[in-house]
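A short write-up of the structure that comes next.
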Amino acid sequence: MLSRAIHNDVMTVSQIVRALEKKGFVSRVPHPGDSRANSLSLTPAGHNALKESLSIATRAREEFFAPIRSKEGMLKRVLAQLIEFHQEEP
C-alpha cells in the first residue's frame, strides 16, 4: 500500500493522489486483483514533471555542496573514521 510505503496516512495520500490526478500527472485504474484498490501510473505530463523535478533537485544539490567539492575526499575519510570508531563501541 502506498500510504505505508511513504509513511503517511491513507487520507493524506488520497488527497495527494487526487491533486496529482487533477493536474494530469497520474492516472488511476482499478486494480485487477483487488476491487477496493487502484493502480497508479504516471501520465506523459507526470513523466515530464518528474524529469524536470529531478533536474532541479540535482542542480540544487550540486550548488549546495559546491563549496566543499574540493574537500570531498577529506570529508569521506573523516566520515569513514567516525563510522569505524562507532562500530567498534560496545
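The values are calculated or read from the model by the stated rules, or taken from the named source; none is laboratory data. The structure presented is a predicted model; accordingly, all values stated were derived computationally and were not measured. A quick note on method: Cβ atoms are made from the backbone with ideal geometry, for glycine too, and the neighbour counts reach across all protein chains shown.
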### Query
Is at least one residue of segment 47-55 in contact (Cβ under 8 Å) with a residue 12 or more places away in the chain, among the hydroxyl-bearing types (Ser, Thr, Tyr) and surrounded by 10 or more Cβ atoms within 10 Å (Cβ to Cβ)?
no
### Task
Tell me, please, whether a residue that is under 16 Å from the mean Cα position of the chain (by Cα) and on the phi > 0 side of the Ramachandran plot can be found in segment 7-28.
yes
### Query
Residues of segment 1-31 being assigned to a loop (DSSP other than H, G, I, E, B) and in contact with a strand residue (DSSP E or B) (Cβ under 8 Å, 6 or more places away or on another chain), which ones?
Phe25, His31
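Return yes when Arg59 is among the basic types (Lys, Arg) and either loosely packed, with under 10 Cβ neighbours inside 10 Å or free of Cβ contacts under 8 Å to residues at least 12 places away in the same chain (or both) and no when it is not. So that I can check it myself, show each step before the final result.
Values: among the basic types (Lys, Arg): yes; either loosely packed, with under 10 Cβ neighbours inside 10 Å or free of Cβ contacts under 8 Å to residues at least 12 places away in the same chain (or both): yes.
Judged against the criteria, Arg59 is a match.
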### Task
Could you please tell me which pairs satisfy a Cβ distance under 7 Å, a separation of 6+ or placement on different chains, a first residue in segment 69-90 that is without any contact (Cβ under 8 Å) to a residue 60 or more places away in the chain, and a second residue that is part of a helix (DSSP H, G or I)?
Leu75/Ile68
### Summary
Ala49 passes all but one of the listed conditions (1) over 25 Å from Met1 (Cα atoms); (2) at pLDDT 95 or above; the exception is number (1)
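Of the residues Ala57, Ala45, Ala19, only one is under 30 Å from Glu72 (Cα atoms) and aliphatic (A, V, I, L, M); which? Working first, answer last.
Values: Ala45 fails: under 30 Å from Glu72 (Cα atoms); Ala19 fails: under 30 Å from Glu72 (Cα atoms).
Within the list Ala57, Ala45, Ala19, the selection yields Ala57.
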